[in-house]
Amino acid sequence: MVKRDLSLYIKNLMPENGRNSDPDKPVSMWKELDRLRGYSEKTMVCIFKTTGCAWYNFSACSMCGYFNDISPEIKDENLMKQIDLLYDSLNDASVLKIFTSGSFLDPQEVSPRVRDYFFQRVSGKVDKILVESRTEYIRKDILESIKKYKIPLRIAIGLESADDYIMKYSVNKGSTLKKFMDAATLIKNEGLELRTYLLFKPPFISEKTAIEDILKSIDIVSPYSDDISINPMNIQRNTLVEKLWKKGLYRPPRMYSLAKILLNVDHNKTQVLSYPTGGGKERGVHDEKFDSKLLDLIVTSSLTQNFDDLQKYFNSLDLSEYNYNIELEDRLLFQSDYSLLVKRLSSSSIFY
Ligand code: SF4
């Protein structure tokens, strides 16, 4: 389940101390569109500052830099003040997405006392909530304690890939497909909903393999999931992926590939969506040239679940260079970012 030397290497890249910021304030809050109730609507998002993911005690996932936002000093009282601030900012938002830099359901990270405070505070004010959790905290007793508030709940699990080999050697997830399936079954049996996150293009696999992995994973997890969110790699600070990328040994996925995935999915089986973070940017999903229309279409079709306009636009594109690059990358040992390599080399002293 875990590759020890990879895990320890990733651990060494993590900074010693969390950020020294106000423990009474969430990391951030904003409103965005999502479709947690089956249609696109304004949704409040809040990232609570916590002590972080339990997995950080041993390592971290290869792409995860959320530890940059944690604070080891956070106590129940701090989290309660953060909850109050969220409550005061809700205004007309009745759908809520709660992120922590770990698992909302981990009792060490968010104690049962704080969890109860949160649900009591928002009860009667919001109609739908999404929280994230690793599989180990999706336990019957925890789910039962939340269900009593009678607020429709969707739990998001970062499976990343349904392939245990990729989870172990590329993502360093410290989990397995079996654990995901057990947690997903429990969620379903408890009458709750599940959003499954898949990571598009973890390190050490080509983009072509990554596309195949996502499509295969969607087939496997569809029966368990109310929706599936494809998260294309977004390079975060102090991570293994950033280390590879800075050396020119990793390239984030292309937006053409993301569109291709969305257009190759059977949308009758489950809802598949993608709201790329850092879309079009160097650290996020991007093509050689930024195509804002393609990004807009990916987001709007994800929100509406109508992919006709995306399909029409995609058909009009000349993909010959893209296809060439994808095939070439598939034959290489590393998924080099050539533009970045050339940029770095041309500004380095070896040419002088
Ligand atoms: S389980 Fe989630 S929060 Fe924890 S290290 Fe992995 S991606 Fe980060």
Which condition number in (1) modelled with pLDDT under 95; (2) part of a loop (DSSP other than H, G, I, E, B); (3) out of contact with any Gly (no Cβ under 9 Å at 6 or more places or on another chain); (4) more than 16 Å from the ligand (Cβ to nearest atom) is the one that PRO15 fails?
(4)
Matching residues in region 37-48 - criterion: being surrounded by 15 or more Cβ atoms within 10 Å (Cβ to Cβ), more than 13 Å from the ligand (Cβ to nearest atom) and within 17 Å of ASP88 (Cα to Cα)
THR43, MET44, VAL45, CYS46
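Scan region 143-167 for residues that are more than 18 Å from VAL221 (Cα to Cα) and either within 16 Å of the ligand (Cβ to nearest atom) or out of contact with any Ser or Thr (no Cβ under 9 Å at 6 or more places or on another chain) (or both) and report the count. Show your work before the answer.
Of all residues in region 143-167, those more than 18 Å from VAL221 (Cα to Cα) come to 143-153.
Of the ones still in play, those that are also either within 16 Å of the ligand (Cβ to nearest atom) or out of contact with any Ser or Thr (no Cβ under 9 Å at 6 or more places or on another chain) (or both) are 143-148, 152-153.
The qualifying residues number 8.
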Sole residue being in contact (Cβ under 8 Å) with a residue 40 or more places away in the chain, in contact with a Ser or Thr (Cβ under 7 Å, 6 or more places away or on another chain) and surrounded by fewer than 19 Cβ atoms within 10 Å (Cβ to Cβ), chosen from LYS208, LYS269, LYS243
LYS269
Which one of GLU73, GLU77 is free of Cβ contacts under 8 Å to residues at least 12 places away in the same chain and not polar (S, T, N, Q)?
GLU77
If we ask which residues in region 24-36 are buried (at least 17 other Cβ atoms within 10 Å of the Cβ) and either without any contact (Cβ under 8 Å) to a residue 40 or more places away in the chain or part of a loop (DSSP other than H, G, I, E, B) (or both), their number turns out to be 4
Being within 16 Å of the ligand (Cβ to nearest atom), crowded, with 19+ Cβ neighbours inside 10 Å and more than 16 Å from the chain's Cα centre (by Cα) is the filter here; which residues of region 60-89 pass it?
ILE70, SER71, ILE74
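Could you grab me the full set of residues in region 114-142 that are in a helix (DSSP H, G or I) and within 16 Å of the ligand (Cβ to nearest atom)?
THR135, GLU136, TYR137 - these are the residues of region 114-142 that are in a helix (DSSP H, G or I) and within 16 Å of the ligand (Cβ to nearest atom).
The values are calculated or read from the model by the stated rules, or taken from the named source; none is laboratory data. Fair warning: this is a prediction, and the values are worked out from it, not measured in the lab. Note that each Cβ is placed from the backbone with ideal geometry, even for glycine, and that neighbours are counted across all protein chains shown.
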